[in-house]
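*Asks:* I'd like to ask you about the structure that follows.
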Amino acid sequence: MFGENNKKEEATRGKVETILGNGTRIEGDISTNGSLRIEGEVVGKIKAKGDLFIGESGKIKNEIEARNIIIAGTVAGNVVAHNKLELLPSSTLSGDVMTETLKIEEGARFVGSSKVLNEKSRKKEPDAAKNKDSNQ
């Protein structure tokens, strides 16, 4: 019974359920349980439990977070990809990145820093903050 719901949820995350077409502009935050493809412009935070695809004409200004993120367009903001971030040759990313796997193809432009996102690094961050506080 519970296994069926989990399988359906995983299958749903793999499909692109929402497409924001070229020429469309949204000012505001977007949140979705599924996957999202953006060919237009978004000024606001984007959070997807599924995958996020930013096409060549796509432009994002703010933070984005998703399971897997593929960028072919332009992003100005920090990125959290829980699994994988891929920058295609036509992409431009200005912002800091946290992800388990980072793939940057030749021709892609990336200005920022990157950190590995995994269970060990998540556990170390609070300890480092505690040590900093105790030294003051």
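What follows draws every value from the coordinates through simple rules; no lab data is involved. Source: prediction; values computed, not measured. So basically every Cβ, Gly included, is an ideal-geometry build from the backbone, and we count neighbours across all protein chains shown.
*Asks:* Stick to the Cα atoms of the stretch 65-115, pair each with every other, and give me the Kirkwood hydrodynamic radius in Å at one decimal.
*Replies:* After inverting the pairwise mean of 1/r, the radius is 10.4 Å.
*Asks:* Given the Cα-Cα distance of Lys84 and Lys103 and 0.36 nm per residue of separation, how much length would full extension add, in nm?
*Replies:* Extra length from Lys84 to Lys103 when fully extended: 6.1 nm.
*Asks:* Another question, if that's okay. Which stretch or stretches of the stretch 88-108 have amide N atoms under 15 Å from the point lying 7 Å from Glu56's Cα along the Cα→Cβ direction?
*Replies:* Within reach of a label on Glu56: 88-92, 107-108.
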